[in-house]
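In what follows, a single structure is set out as structure tokens and then discussed.
The values are calculated or read from the model by the stated rules, or taken from the named source; none is laboratory data. Since the model is a prediction, treat every value here as computed from it, not as a measurement. Cβ: placed from backbone, ideal geometry, glycine included. Neighbour counts: every protein chain shown. Ligands, DNA and RNA are stripped out before the accessible areas are found, and what is left, the full protein with its side chains, is counted by its heavy atoms. Shrake-Rupley method; radii C 1.70, N 1.55, O 1.52, S 1.80 Å.
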Amino acid sequence: MDALFFSIWVPSEVTGPTAVKRALDQIDAVREAVRMHPHDLMLATTAADVRKAAADHKIAALMGMEGGHMIDDDLRLLRVYAALGVRYMTLTHYKNNNWADSSTDEAAHNGLTTFGKDVVREMNRLGVMVDISHVADKTFFDAIETTKAPMIASHSSSRVIANHARNMTDDMMRALARNGGVVMINYHAAFLSEEFRVASEKKNGNVFGAIDAVLKRCGGNEACTTMEGERIDHEAMMKGDLPKVTWEKIIEHIDHAVKTAGVDHVGLGSDFDGATMPLGMEDASKLPKITDALLKKGYAEADIEKILGGNILRVMEAVEKVKGS
């Protein structure tokens, strides 16, 4: 693992100055980790930084902000986050914000508002990648029309295989390919398997019901909520209370995305720190299985390298070129 994006995340329900402070605390934690461990970590804000870190046998630490509500409707804060090293921002998280609709909330803005389009333009100017994972379909197409730089879906899978609103339709994948962007496959069991998704929703209720129930048990502690939710679902799979989802489903989604968008537009967006992993892909030590499976399917080594990280580096470079325009 040469490089990873640390997720700067505050729940959608937390807004205003509290959300800003917590976002800044997390950014500071990443920067402090790099400062305290200079022989192991390197803060990366460009594709060149990632390559240098790999050459120096260090882990490149990047930052992605997951949820546009953390800018508190203020472009000045977006500029501050960019200056501190944030290099992508997911326009929404689970709920709508004041300027964009989320895929897991009732539509309130019919996509992006006028201010939302200004956010996309400012991200282009700052060299921050526009991330459309979590957004409603209309928000996605509004962003595609607005951006002058390639976009990413940092952690979304295929809706044709698993019909979850968080996944991308084939039309969306093709549009992202035309934009020069990349869809990064999410390993969450409910995004990989339609059978698991249906059974999970029957068992837990809708996504908000499940989250609210776990939040109540955890007293609002997000780390507890994430870990508890993963533990419950993983145990349910092992007991047979939920269908078993194995790591090979990741390969199915990668293969479908390659056939739909092209091999230059597919990457890995594990969501290791925020989702229920399929059996056999519990952590980053299992990643070589993906390389091996793609080789066995006949993928060329050069194409596998694109999927494993080359494509996101290409997008970063393209976004850097648009920066300042």
D2, sole failed condition from (1) touching a helix residue (DSSP H, G or I) at 6+ places or on another chain (Cβ under 7 Å); (2) without any contact (Cβ under 8 Å) to a residue 40 or more places away in the chain = (2)
Tell me, yes or no, whether the stretch 117-127 has at least one residue that is open to solvent by 10 Å² or more (accessible area, probe 1.4 Å), modelled with pLDDT of 95 or more and more than 24 Å from K323 (Cβ to Cβ).
-> no
Quick check: is even one residue across the stretch 90-111 polar (S, T, N, Q) and more than 21 Å from the chain's Cα centre (by Cα)?
-> yes
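Considering only the stretch 231-306, give the helices (runs of 4 or more DSSP H) lying wholly within it that have at least 2 residues that are in contact (Cβ under 8 Å) with a residue 24 or more places away in the chain, within 27 Å of A177 (Cβ to Cβ) and open to solvent by 60 Å² or more (accessible area, probe 1.4 Å). Can you show your working first?
Numbers: elements: 248-261, 288-296, 301-305.
In the stretch 231-306, the matching helices (runs of 4 or more DSSP H) lie at 248-261.
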Residue that is farthest from N124 (Cα to Cα) [pool: residues in the stretch 144-178 that are of a type in the set (G, A, S) and over 16 Å from the mean Cα position of the chain (by Cα)] = A162
